[in-house]
1. Are there any pairs, at least 6 apart or on different chains, whose C-beta atoms fall under 8 Å, with the first in segment 199-218 and charged (D, E, K, R) and the second assigned to a helix (DSSP H, G or I) and crowded, with 18+ Cβ neighbours inside 10 Å, and if so, which?
2. Restrict the check to segment 209-216 and report whether at least one residue is closer than 30 Å to E280 by Cα and not assigned by TED's automatic domain parsing to the domain that holds A376.
3. Can you name every residue in segment 212-236 that is surrounded by fewer than 18 Cβ atoms within 10 Å (Cβ to Cβ) and either aliphatic (A, V, I, L, M) or assigned to a helix (DSSP H, G or I) (or both)?
4. Would you call A410 of a type in the set (A, V, I, L, M) and more than 14 Å from A275 (Cα to Cα)?
5. Please report, ordered by residue number, the strands (runs of 3 or more DSSP E) entirely within segment 113-205 with at least 3 residues that are under 30 Å from L47 (Cβ atoms), more than 24 Å from the chain's Cα centre (by Cα) and among the charged types (D, E, K, R).
6. Is it true that some residue in segment 52-75 is assigned to a strand (DSSP E or B) and small (G, A, S)?
7. Does segment 289-300 include one or more residues that are touching a Ser or Thr at 6+ places or on another chain (Cβ under 9 Å), buried (at least 24 other Cβ atoms within 10 Å of the Cβ), small (G, A, S) and more than 24 Å from I147 (Cα to Cα)?
8. Which of (1) more than 17 Å from the chain's Cα centre (by Cα); (2) under 18 Å from S183 (Cα atoms); (3) crowded, with 24+ Cβ neighbours inside 10 Å is the odd one out, the single condition C331 does not satisfy?
Amino acid sequence: MNSISIFDIFKIGIGPSSSHTLGPWKAALQFIDGLESHAISRIHVCLYGSLSKTGVGHATDKAVVLGLLGFDPKTMQTSQINSVIEEVKRTERIKVGGKEIEFKYDRDIIFKPNAHDLHPNTVKFVAISDTSLIKEEFYASVGGGFIESPHQNDEAEQRKLPFPIDKGEDLLKYTADNQCKISDVVLKNELSIRSEPEIKDKLETILETFLDCIFAGCSVDGVLPGGLNVVRRAKGICDKLLDGQQFDNREEWLAALKKAPKDFNSVNKWISCFALAVNEQNADMGRVVTSPTNGAAGVIPAVLMYYYLFCDFRSKDSIRRFLFTAGEIGCLFKKGATISAAVGGCQAEIGVSAAMAAGGLTEVLGGSPEQCLMAAEIAMEHHLGLTCDPVKGLVQIPCIERNTMGAMKAITAANLALEGKPKESKVSLDVAVKTMWEVSKNMSSKYKETAEGGLAVNIPVINPSC
């Protein structure tokens with residue numbers, strides 16, 4: 001597992017869920033790759049476990065269809081999604097590899113609530129001809145847009161890195177031996193995979209996607225889809241903080257943000273606004289960056305904006321360092337525990353994203369490698385046991401607000417670590433990762449993205465008798 005790149009953690013895709021939308025979408029694309037379409041008469045899809053129980057709320061059904069049609073989640077125009085899906089439902093046809101075949105939504109997408117042995121998030125694709133089976137494949141969507149199958153793992157290319165990293169203590173050894181920052185070690189590993197211009201280009205694309213998503217979320221109001229009637233709030237907060245100023249583009253908006261008041265209450269509201277903006281876009285099938293997941297996509301961009309607007313921001317190089325450090329902390333949780341809410345509850349999403357953001361912020365604010373890992377540990381320690389209980393299976397309640405809480409905790413954790421002495425700390429990041437994994441395994445399945453416990457069954461929207 002020590003060959004994970006930060007660009008395996010930061011993926012660009014479409015909401016609302018990396019495990020329930022992006023993962024199944026990628027699995028569908030992988031399934032049709034190389035498929036002999038001329039022989040196909042029918043394709044059907046089986047969604048198991050969590051993908052079944054909360055699949056419609058997470059747009060899993062739409063994702064697998066869009067993948068079978070060959071659309072790329074990195075580039076597809078999100079405004080086309082609903083019209084494409086409605087056309088499939090109307091015509092009962094899809095085109096796979098150039099051949100049009102019959103596809104009935106109610107018949108060919110099969111929901112199986114029982115979990116499959118492979119993983120709580122399992123999808124099976126079956127392609128058949130008029131007379132026989134052509135291809136059958138199972139995929140596990142294991143969190144953060146990662147997929148695995150019995151025959152091939154996502155991101156399976158084995159890379160030999162100059163600094164193999166499995167635990168936080170590995171990072172601290174390398175930084176001590178080389179008298180450098182965490183981001184320096186991560187950069188050297190990334191340079192063994194791709195060129196420096198490629199790395200900069202990927203980081204720039206991630207940053208641009210962050211900014212586009214925040215700006216879009218601060219520019220749109222209305223009610224989110226899905227039936228909960230959740231009202232978008234980011235635009236209202238933004239408009240109020242900027243006293244109703246109007247903007248023609250993102251650059252004018254950013255310039256106004258830099259001039260905005262910087263008192264504590266205003267800064268606090270801005271952080272929440274940025275996190276809300278991202279996850280309101282995510283809930284509406286907008287384009288986001290998994291950080292490390294879609295459901296937790298608002299934490300890191302909100303903390304980055306806090307650093308950019310309200311701290312001693314110096315250059316884009318500091319943003320790159322933030323992302324290198326944050327990404328590597330995400331890798332540690334992926335290797336040592338989980339980033340899947342269906343496996344570990346929301347501690348695996350918001351908890352990990354807060355740890356990532358805390359570590360990244362600590363580095364760019366001048367913290368030592370030890371303080372960076374201390375910040376990440378503090379952030380995770382205070383998310384341990386957080387349940388994933390999406391109301392109506394939608395990534396809205398409590399998911400959107402949880403991103404604001406994760407961002408706040410990340411900033412607090414960074415400030416505590418910057419004023420702290422890591423040698424006096426009683427809990428290491430490696431212990432926090434180990435503990436999170438133990439809590440994940442002991443947590444009831446009803447709190448793991450199944451909508452069978454917690455808020456999902458205890459609010460009037462779902463249970464009028466409450």
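The values are calculated or read from the model by the stated rules, or taken from the named source; none is laboratory data. Values in this document were obtained by computation on a predicted structure and should not be read as measured data. For neighbour counting, all protein chains shown are included, and Cβ atoms are generated from backbone atoms with ideal geometry for every residue, glycine included.
1. Filtered contacts from segment 199-218: K200/R320; K202/F7.
2. No, that holds for no residue.
3. Answer for segment 212-236, where residues must be surrounded by fewer than 18 Cβ atoms within 10 Å (Cβ to Cβ) and either aliphatic (A, V, I, L, M) or assigned to a helix (DSSP H, G or I) (or both): D212, V220, V223, V231, G236.
4. The answer is no for A410.
5. Per the criteria, 133-143.
6. So far as segment 52-75 goes, no, none of its residues is assigned to a strand (DSSP E or B) and small (G, A, S).
7. No, there is no match, as no residue in segment 289-300 is touching a Ser or Thr at 6+ places or on another chain (Cβ under 9 Å), buried (at least 24 other Cβ atoms within 10 Å of the Cβ), small (G, A, S) and more than 24 Å from I147 (Cα to Cα).
8. Unmet condition: (1).
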